[in-house]
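Take a look at the structure set out below.
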Amino acid sequence: MLKATNPIIDLHDVSVTFQSNGKTLHAVNHVNLQINQGDIYGIIGYSGAGKSTLVRTINLLQQPTTGTVTVSGRHLQQLSNPDLRTARKKIGMIFQHFNLLNSRTVLNNVEYPLLSQSINKHDRRAKAKKLLELVGLGEFEASYPEQLSGGQKQRVAIARSLANDPDILVSDEATSALDPKTTNDILKLLKHLNETLDLTIVLITHEMQVIKSVCQHVAVMDQGKIIERGPVADVFSETV
Ligand SMILES: Nc1ncnc2c1ncn2[C@@H]1O[C@H](COP(=O)(O)OP(=O)(O)OP(=O)(O)O)[C@@H](O)[C@H]1O
Ligand SMILES: [Mg+2]
């Protein structure tokens with residue numbers, strides 16, 4: 001079927017090079033990566049391996065030096081700027097540092113990505129409330145970020161990332177600042193969103209345990225290359 005044969009994310013021969021101090025750094029080095037819809041796909045590797053740079057090419061926040069980026073069947077580098085903006089809204093991102101607006105309430109933070117959309121205030125508010133319920137923070141809508149724990153802040157960031165009904169969520173070390181129990185709770189939430197919203201998740205981490213607990217597939221990155229990939233059970237079977 002279409003779903004099985006057409007990956008939602010298709011990075012073809014993607015490289016990213018940076019020039020620094022007169023030297024060329026191959027942060028991402030001829031990477032091919034296909035991710036199917038509905039997957040939770042882990043990317044693991046040491047610091048500096050190129051994980052963040054690679055996933056930033058998925059929405060062209062990072063322009064590849066060479067290679068093509070196709071998402072949901074659209075070749076992103078060929079899109080006009082307005083079309084690229086629209087395509088980007090379907091790719092949510094969350095990070096280690098939650099990047100919340102501290103002067104706004106939790107509800108306003110979640111509403112924020114919708115401010116530029118053609119959605120009226122009532123519907124916008126209703127949607128933000130629904131998303132806060134979904135991440136288990138319904139009671140906290142009037143709180144400010146500084147009144148929340150790290151895990152709660154990450155839930156707000158997750159709700160905000162879902163405001164535009166993305167097809168894909170990229171999680172770049174989203175649990176790295178959290179304790180093991182909170183990490184577990186956030187991973188469970190991501191799994192729940194994957195199942196209920198058919199959300200494809202790309203999850204970057206440097207912790208094998210995180211991959212093992214939620215991912216179906218994994219790619220191991222080292223020095224800009226994917227050195228191993230496959231179903232999690234296969235890739236980690238020798239290292240358990
Ligand atoms: N804008 C930039 N300019 C120059 N070099 C960069 C830039 N962004 C990243 N790099 C370099 O590219 C390499 C890959 O960085 P990247 O942030 O993708 O690694 P990472 O695997 O995400 O690491 P970490 O686990 O520490 O987040 C590193 O050597 C980094 O210093
Ligand atoms: Mg990184």
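Name the one entry in Q223, Q209, Q216 that is out of contact with any Ser or Thr (no Cβ under 7 Å at 6 or more places or on another chain) and within 15 Å of ligand 2 (Cβ to nearest atom).
Among Q223, Q209, Q216, only Q223 is out of contact with any Ser or Thr (no Cβ under 7 Å at 6 or more places or on another chain) and within 15 Å of ligand 2 (Cβ to nearest atom).
Restricting attention to region 35-70, which residues are within 14 Å of ligand 1 (Cβ to nearest atom), out of contact with any helix residue (DSSP H, G or I) (no Cβ under 8 Å at 6 or more places or on another chain) and among the β-branched types (V, I, T)? Scanning region 35-70 gives T53, V55, T57, I58, T65. Against the criterion of being within 16 Å of ligand 2 (Cβ to nearest atom) and either polar (S, T, N, Q) or loosely packed, with under 14 Cβ neighbours inside 10 Å (or both), S52 qualifies. Just a yes or no: is a residue in region 226-240 within 29 Å of V28 (Cα to Cα), without any contact (Cβ under 8 Å) to a residue 60 or more places away in the chain, out of contact with any helix residue (DSSP H, G or I) (no Cβ under 8 Å at 6 or more places or on another chain) and open to solvent by less than 50 Å² (accessible area, probe 1.4 Å)? Yes, some residue in region 226-240 is within 29 Å of V28 (Cα to Cα), without any contact (Cβ under 8 Å) to a residue 60 or more places away in the chain, out of contact with any helix residue (DSSP H, G or I) (no Cβ under 8 Å at 6 or more places or on another chain) and open to solvent by less than 50 Å² (accessible area, probe 1.4 Å).
Scanning region 14-34 for residues that are within 21 Å of the chain's Cα centre (by Cα), more than 10 Å from ligand 1 (Cβ to nearest atom) and more than 14 Å from I227 (Cα to Cα) turns up V14, S15, Q34.
Yes or no: L178 open to solvent by less than 60 Å² (accessible area, probe 1.4 Å), more than 15 Å from the chain's Cα centre (by Cα) and over 18 Å from L11 (Cβ atoms)?
Answer is yes for this residue.
Within region 144-162, the set of residues being closer than 18 Å to P180 by Cα and not in a helix (DSSP H, G or I) comprises L148, S149.
Just need a number here: residues in region 188-225 that are part of a helix (DSSP H, G or I), touching a helix residue (DSSP H, G or I) at 6+ places or on another chain (Cβ under 9 Å) and not basic (K, R). First the steps, then the outcome.
Filtering region 188-225 for residues part of a helix (DSSP H, G or I) gives 188-197, 208-214.
After this cut, where a residue has to be touching a helix residue (DSSP H, G or I) at 6+ places or on another chain (Cβ under 9 Å) as well, the list is 188-194, 196-197, 209-214.
Restricting the remaining residues to those that are not basic (K, R) gives 189-190, 192-194, 196-197, 209-211, 213-214.
Qualifying residue count, region 188-225: 12.
Among the numbered criteria (1) closer than 27 Å to A157 by Cβ; (2) more than 16 Å from ligand 2 (Cβ to nearest atom); (3) not aromatic (F, W, Y), which one does S80 miss? For S80, the exception is condition (1). Residues in region 109-124 that are open to solvent by less than 80 Å² (accessible area, probe 1.4 Å), under 19 Å from G92 (Cα atoms) and part of a helix (DSSP H, G or I): 6 in all.
Would you point out which residue out of D165, D185 is outside any helix (DSSP H, G or I), at pLDDT 95 or above and surrounded by fewer than 21 Cβ atoms within 10 Å (Cβ to Cβ)? Talk me through it step by step, then tell me what you get.
Numbers: D185 fails: outside any helix (DSSP H, G or I).
One residue alone meets the criteria, D165.
With respect to the conditions (1) polar (S, T, N, Q); (2) more than 30 Å from K129 (Cβ to Cβ); (3) open to solvent by 60 Å² or more (accessible area, probe 1.4 Å), T17 falls short on a single one, namely (3).
With out of contact with any Pro (no Cβ under 9 Å at 6 or more places or on another chain) and polar (S, T, N, Q) as the only criterion, which of T86, T57 stands out? It would help to see each step written out before you state the result.
On the way: T57 fails: out of contact with any Pro (no Cβ under 9 Å at 6 or more places or on another chain).
When all the criteria are applied, what remains is T86.
If I filter region 95-108 for residues that are among the basic types (K, R), part of a helix (DSSP H, G or I) and open to solvent by 80 Å² or more (accessible area, probe 1.4 Å), do I get at least one hit? Looking for residues that are among the basic types (K, R), part of a helix (DSSP H, G or I) and open to solvent by 80 Å² or more (accessible area, probe 1.4 Å), one finds none in region 95-108, hence no.
The values are calculated or read from the model by the stated rules, or taken from the named source; none is laboratory data. Keep in mind that this is a model prediction, so the values were computed, not measured. Because the Cβ atoms are built from the backbone with ideal geometry, glycine has one as well, and the counts that use them run over all protein chains shown. Each accessible area value is taken on the protein alone, full model and side chains, heavy atoms only, with ligands, DNA and RNA left out. Shrake-Rupley method; radii C 1.70, N 1.55, O 1.52, S 1.80 Å.
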